[in-house]
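The next block holds one structure in the form of structure tokens; read it before the comments.
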Amino acid sequence: MPGPWALAGRLGRWFAYPFISQEPGFYPAAAVCLLAAGVFWQMNALNKTYSTRLSCPLVWRYDTARYVSLRPLPAAVPVVVTGQGWRLLRANLGVGLRPAELRPVPRPGTRYLSASTWQHSLGTALEGLQVDEWASDTLRLTFDRYATRRLPLALAAPDSGRAPAYAARFEPASLVFRGPASVVNRLPSPYPVALPAGTGPGAAQLAVQAPALVRPATGQVRVELRARPQ
């Protein structure tokens, strides 16, 4: 009884026999036929209806000169949609998929965007597709008004808690800080600027560190350090 390898070889030769010793023009013609059959099958499949998960891009429209979001706004929302294969393919490739425009009212204390607001915008952007499942009922938001404060500068106290070893004269002597009102209004006055370890008397450039979302008017200030009398 022939072994499994011998049977496999016979089966392979049986399948390959019709393609052996054919005319030279046979193989290009066979390739064209196979390609045409594959294209036809693919086009037929894309004409059917399917369900899939999409990531719908979002564009946020609000007064960014007056308000700031305290948390990153989502750039996209996942949804489950049903539609024709061609439409779903284009959407997955990012072709013909418009971003949904969301227009929140950025009042301080706003914690979410109602489902009726953002789902209507997504439905408009996903025109031609049926939305079967939303990612959530609400989108979490936290807005605050921008605020500015001018604060005098001072050397930050050492970690030991003692007074700074140098008397400092800053240039400029004060800085304007801009950011969310809830953060800016809690900034200390005078505003502490850290002195790197090993810095001695004389002139130096110091970096101004600020909390997240708060921007000082400049990132560096010049300081003149003088040793305090013993």
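The condition of being in contact with a helix residue (DSSP H, G or I) (Cβ under 6 Å, 6 or more places away or on another chain) and closer than 28 Å to G109 by Cβ holds for only one of V183, V214, that being V214. Is it the case that the stretch 129-141 has a residue that's modelled with pLDDT of 80 or more and either within 23 Å of R66 (Cα to Cα) or not in a loop (DSSP other than H, G, I, E, B) (or both)? The answer is yes, given that some residue of the stretch 129-141 is modelled with pLDDT of 80 or more and either within 23 Å of R66 (Cα to Cα) or not in a loop (DSSP other than H, G, I, E, B) (or both).
Residue-wise test of (1) on the phi > 0 side of the Ramachandran plot; (2) touching a Cys at 6+ places or on another chain (Cβ under 6 Å); (3) among the hydroxyl-bearing types (S, T, Y); (4) modelled with pLDDT of 80 or more.
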{"site": "Y166", "(1), (2), (3), (4)": "no, no, yes, no"}
{"site": "P172", "(1), (2), (3), (4)": "no, no, no, yes"}
{"site": "A181", "(1), (2), (3), (4)": "no, no, no, yes"}
{"site": "P190", "(1), (2), (3), (4)": "no, no, no, yes"}
{"site": "V193", "(1), (2), (3), (4)": "no, no, no, yes"}
{"site": "G200", "(1), (2), (3), (4)": "no, no, no, no"}
{"site": "L206", "(1), (2), (3), (4)": "no, no, no, yes"}
{"site": "L213", "(1), (2), (3), (4)": "yes, no, no, yes"}
{"site": "A217", "(1), (2), (3), (4)": "no, no, no, yes"}
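Restricted to the stretch 188-212, and to residues there that are surrounded by 17 or more Cβ atoms within 10 Å (Cβ to Cβ) and not in a strand (DSSP E or B), the residue that is nearest to the chain's Cα centre (by Cα) is A210.
The values are calculated or read from the model by the stated rules, or taken from the named source; none is laboratory data. Not measured: the values here are computed from a predicted model. When we count neighbours, we look across all protein chains shown, and the Cβ atoms used for this are built from the backbone with ideal geometry, even at glycine.
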